Structure formats: structure tokens, C-alpha cells
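Notes follow once the structure below has been shown.
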Amino acid sequence: MPTLDESFLEVVATLAGRYGRPAPVAEGLDLFEALVAVALARSVPPKKLAAALDCLREAGLVESRTLAEADPADLSEALRAAKVSLPARSLGPLRRLARWLVERHKGSAEALRDEDVATDRLREELLALNGVGPATADALLLFALRRPVYPVDRASYRILVRHDWLDPTATYDEARAVIERPAAGDPDVLARLSVWLERVGRDYCRAGVARCEHCPLQPFLPEDGPREPETF
Ligand code: SF4
């Protein structure tokens, strides 16, 4: 069975044919707004994301120093205007993200555009923030800062394992490397793949059942069908 490295271009072409080019998550936003949008997207449904960001903007909270000092209750209240109900405690990572930018990068996300600030260093700094796990750190790096990393979600993990492209005992970083390697440092293809694989996971490759018959990735299955580890 071909590896993902060997099938990569064909997989990308197949998913593009099925789903088309997704709009970038942070399209039209400045870098700080993009960081806020990606952080919010971890807990706000896609349909409400633009409205949630607008409400924060109207409340003057999409500015690093203001957000860093904001009362979580005020954040929660501002989001309610977008019919987004999040407990104040779940907004802690958003404030910590702003505080990180203020304390480590002079409050300017624009400074992070500079590729002299190494991706590995940014990743370490983000992972040190309470409430920011590897997938969130990688989503911020990829979707907001256009760094070539891949946020491995449960859907991506299931797809990789079921296709025998990844050992089920692999670590998060090993799974990340399996996708990042053939993408060869291209953040655009990594961003598209992340959106596409999330769709495949929702439409076909669910935790309890793999509906392979109509799935676009069916031609890439092992000859004897999908692997089914017990951990899904
Ligand atoms: S072909 Fe089957 S195993 Fe592969 S992604 Fe689709 S549903 Fe999952």
C-alpha cells in the first residue's frame, strides 16, 4: 500500500475535486484579529464566528493590550450579543494569548510575520500558555500566522490510522510529521488539508463507523479495508 508521501498529490487533487478550495479561516483580517478568530473558532461554531468577532470588535476588545486586561465576564457578555454563550472561564486562553503577545512580542502580531521569529520558538511559547494544547497552538500558527504546521484533530488521526499511513500508537508530533513532510513547507496546502479532512471526518470517517462507500478517500484504502484500532 502506498505511503501518504507517495499518494499525497493524488489525495490533495481528489479532495480538491470533491470539496473545492475552502476560504481561508482568517481571510481579510489583520494578524491579531486572525489570532483571535482562530482561538475563538476552537469553541464557537463556524456560522457564528464572524458575528462573535464583530461583537468583540464593537466592544473594543480586538486589541492586544485591551484584551490582555479584559475582565472575562465582559468578554462573555460581549459574545452574548452574537448569541454565543461561553462561560467566562473558557475565555481564559484568549486573554492569555493577548497577554503573551503584549509581554513577549511588544503587543504586535505584525512582529510575528517576520520569519526570523522561528516557528518552533512560537510553538513552544504558545504551548506554555495554560489552556493552549498542541492542536490549538498549531491551528494558531497555521491559520493565523501561515506557518507550515498541521493541527492534528481526531478526524485527521482516524483517517491516517485507518489508511495505514500512521501507527495507532504514534504521538501527536509523529502524526503531525506524517502530514507536514509531504506538504514540504506549504502552509496553504496544509490549511486546505486541515479543512478537508475535518469534512471527511464529519461526513464519512466518524469515530464509531467508517462510511467508506461514498468517501472521496476510498481509492486510497488498504486492499483489505480500513484499519480499526480500538482507541477510536
Ligand atoms: S475511505 Fe473510509 S477510512 Fe478512509 S477516510 Fe473515508 S470513511 Fe475513513
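Is there a quick way to get the dipole size of the chain? I mean about its Cα centre, with the Cβ of Lys and Arg at +1 and of Asp and Glu at -1; what is the value in debye to the nearest 20?
Once rounded to the nearest 20, the dipole reads 800 debye.
Going Cα to Cα from K83, which lysines come in below 25 Å? Please leave out same-chain ones fewer than 8 positions away.
Result set, ordered by chain and number: K47, K48.
Between R65 and A13, with labels modelled 7 Å along Cα→Cβ, what's the label distance in nm to one decimal, could you check?
With each label point 7 Å from Cα toward Cβ, the separation is 5.3 nm.
What net charge is computed for the residues neighbouring A88, neighbours being all others with C-beta under 14 Å from the C-beta of A88, Lys and Arg scored +1, Asp and Glu -1?
With Lys, Arg at +1 and Asp, Glu at -1, the net is +1.
Is it possible to state the helix-based mean residue ellipticity at 222 nm for the chain, with each DSSP H run of 4+ residues giving -39500 (n - 2.57), the sum divided by total residues, to the nearest 500 deg cm²/dmol? What is it? Walk me through the numbers on the way to the answer.
Numbers: 11 runs with 122 residues, N = 232.
Mean residue ellipticity at 222 nm (helix-derived): -16000 deg cm²/dmol.
Which is the longest run of the chain containing none of the trypsin sites (Lys or Arg not before Pro) found in DSSP loop states (not H, G, I, E, B) with at most 15 other C-beta atoms within 10 Å? Don't jump to the answer; show the numbers that get you there.
Working: sites that count: K83, K106, R206, R211.
Looking at the chain, 107-205 is the longest stretch - no exposed trypsin sites (Lys or Arg not before Pro) with at most 15 other Cβ atoms within 10 Å.
Evaluate Rg over Rh across the stretch 178-228, taking Cα atoms for both radii and Kirkwood's formula for Rh.
Answer for the stretch 178-228: 1.02.
Considering the options P182, L31, L79, tell which one lies farthest towards the positive end of the dipole of the chain, charges being +1 on Lys and Arg and -1 on Asp and Glu at the Cβ, about the Cα centre.
Final value for the positive-end residue is L79.
I need H105, H163 ordered by Cβ neighbour count within 10 Å, fewest first. List each step's numbers first, then the result.
Details: H105 16, H163 21.
Placing the least packed residue first, the sequence is H105, H163.
Taking every eigenvalue of the Cα gyration tensor of the stretch 31-144, multiplying by 5 and rooting it, what semi-axes result, largest first, whole Å?
Each semi-axis is √(5λ); the values are 22, 14, 13 Å.
Farthest toward the dipole's positive end in the chain, which of A210, L94, V195, given Cβ charges of +1 (Lys, Arg) and -1 (Asp, Glu) about the Cα centre?
Towards the positive end, the residue furthest out is L94.
So how tilted is helix 31-41 from the main axis of the chain? Cα-based, degrees 0 to 90, rounded to 10.
Roughly 60 degrees between the two axes.
Give me the orientation-averaged projected area of the Cα convex hull of the chain, in nm², one decimal.
If you wrap the Cα atoms of the chain in a convex hull and average its projections, you get 12.8 nm².
Given all pairs of different Cα atoms, what value in angstroms does the Kirkwood hydrodynamic radius of the stretch 81-216 take?
This gives a value of 16.5 Å.
Give the range of the longest stretch in the chain that excludes all GluC sites (Glu not before Pro) found in loop regions by DSSP and having at most 14 other beta-carbon atoms within 10 Å.
Values: sites that count: E27, E115, E213, E223, E230.
The reported range is 116-212.
Provide D203, D164 in ascending order of the number of other Cβ atoms located within 10 Å of each residue's Cβ, fewest first.
D203, D164
What is the dipole size for the stretch 31-144, taken about its Cα centre, with +1 at each Lys and Arg Cβ and -1 at each Asp and Glu Cβ, in debye to the nearest 20?
Here the stretch 31-144 has a charge dipole of around 440 debye.
I need S64, S76 ordered by Cβ neighbour count within 10 Å, fewest first.
Details: S64 21, S76 17.
Neighbour counts put them in this order, fewest first: S76, S64.
We did not get these values from a lab; they are worked out from the coordinates using the rules stated. Since the structure is predicted, the reported quantities are computational estimates derived from the model, not experimental observations. When we count neighbours, we look across all protein chains shown, and the Cβ atoms used for this are built from the backbone with ideal geometry, even at glycine.
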